[in-house]
Number of protein chains: 2
Amino acid sequence: MFSKTSKYAIRAILYLATREDPEQKVGSKSLANALDIPIYFLAKVLQDLVWKDIISSAKGPGGGFYLSEENRKNSITDVLTAVEGAEIFRGCVLGFPTCSEKNPCPLHTQLFSYREGLRYQLNHININDMADRINRHNLKI
Amino acid sequence: MFSKTSKYAIRAILYLATREDPEQKVGSKSLANALDIPIYFLAKVLQDLVWKDIISSAKGPGGGFYLSEENRKNSITDVLTAVEGAEIFRGCVLGFPTCSEKNPCPLHTQLFSYREGLRYQLNHININDMADRINRHNLKI
DNA sequence: CAAATAAAATACCTATTTGTCTTTTATTGC
DNA sequence: GCAATAAAAGACAAATAGGTATTTTATTTG
């Protein structure tokens, strides 16, 4: 449904969000290890996320990746749009060129409400909320 | 949301389904022309769909692609799974390895109903239904 | 049968995504 | 200042998706 890059990004962020000490920094290797993601690939994804202000990082000994208070206010949608671009949530599900509310494609009406629901959910849960839920229910990332 | 191959496939099938004469055969060139899809690429997609029994074809003069009665009973889900494989409708939206009803990923509960709704819609409208709707409302493919 | 037609098969090419590895730069602690 | 650490940056390699072109095979029609 989403690219591997997006999936890796979200899992990494949720992993960081659920550390006991919120400012505790985690290196790319231990992150990759914990989440079973190719190390070098994850490192690149993380760097990109830092550049896009979705996560934070510190160089040198004791350094690594972490989430600032600001970072934690982001929604999953924020992460997804940063990684994949804004078009994912716009545009016709099936790629019909002329699809819109006024000029709907053959599937528009049937799919619209569900797609909007999905979007709403992803847009209204921020990283903090997710971390709370994960810790409360002891969910696996 | 889906690959270009899937989008092209669905549009081509709906185009065939909405021809006046249901057994009327349409060549790959005129299909590609009508739908504004790269000719050779569409031709390959169509051949693949024939091989997978999603559409039908006839060689030689007057030949081309068409939909049999059986073909028309397929749902959009049938087309999508034939093209992309069954995993699209299984598997966690965000790629969490262990996600299931009993062991849900952090997003499972929030997204489940919407995703199921999407799946249900795509699964319960067959090509015939779609063609009817398109013709009734004069929708563009 | 011969010519025309159109799908099927095949061979490539290009771009993007995913994945790997090495070098550079910044930071920390002795 | 020096050594160790860890992110940043950059260069590639492999796999997949998307796209183009040519040759082969089957069918129809005169």
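Here is the tail figure for the protein assembly as shown: Cα pairs spaced more than 27 Å apart come to 48 percent of all pairs. Shielding of peptide B:94-101 by partners, expressed as the average count of other chain Cβ atoms within 10 Å per residue Cβ, is 5. Look at the alpha carbon pairs under 8 Å that are at least 6 residues apart: their mean separation over the length of the stretch A:4-136 gives a relative contact order of 29 percent. With Cα atoms defining each centre, the stretch B:69-109 and the stretch B:1-58 are spaced 23 Å apart in the structure. Each other copy holds its own label point for B:Glu20; taking that point as 7 Å from Cα along Cα to Cβ, the gaps run 7.7 nm, nearest first.
If you take all other residues with their beta carbon under 15 Å from the beta carbon of B:Leu80, and give Lys and Arg +1 and Asp and Glu -1, the sum is +2.
For the residue pairs A:Lys25/B:Lys102; B:Lys52/B:Lys140; A:Lys44/A:Lys140; A:Lys140/B:Lys73, the C-alpha atoms sit more than 30 angstrom apart in A:Lys25/B:Lys102; A:Lys140/B:Lys73. A simple count of charges around A:His108, restricted to other residues whose Cβ falls under 12 Å of its Cβ and scoring Lys, Arg +1 and Asp, Glu -1, yields +2.
Only helical runs count toward this figure. For chain A, summing -39,500 (n - 2.57) over DSSP H runs of n ≥ 4 and dividing by all residues gives -16500 deg cm²/dmol at 222 nm. With a cut-off of 15 Å between beta carbons, the residues surrounding B:Leu14 carry a summed charge of +3, where Lys and Arg count +1 and Asp and Glu -1. Each principal axis of the stretch B:4-136 carries a Cα extent, and these read 57, 31, 24 Å when sorted largest first.
Every number in this text was worked out from the coordinates using simple rules, so none of it is lab data. Because the structure is a prediction, the values reported are computed rather than measured. Every residue, glycine among them, receives a Cβ derived from its backbone with ideal geometry; neighbour counts consider all protein chains shown.
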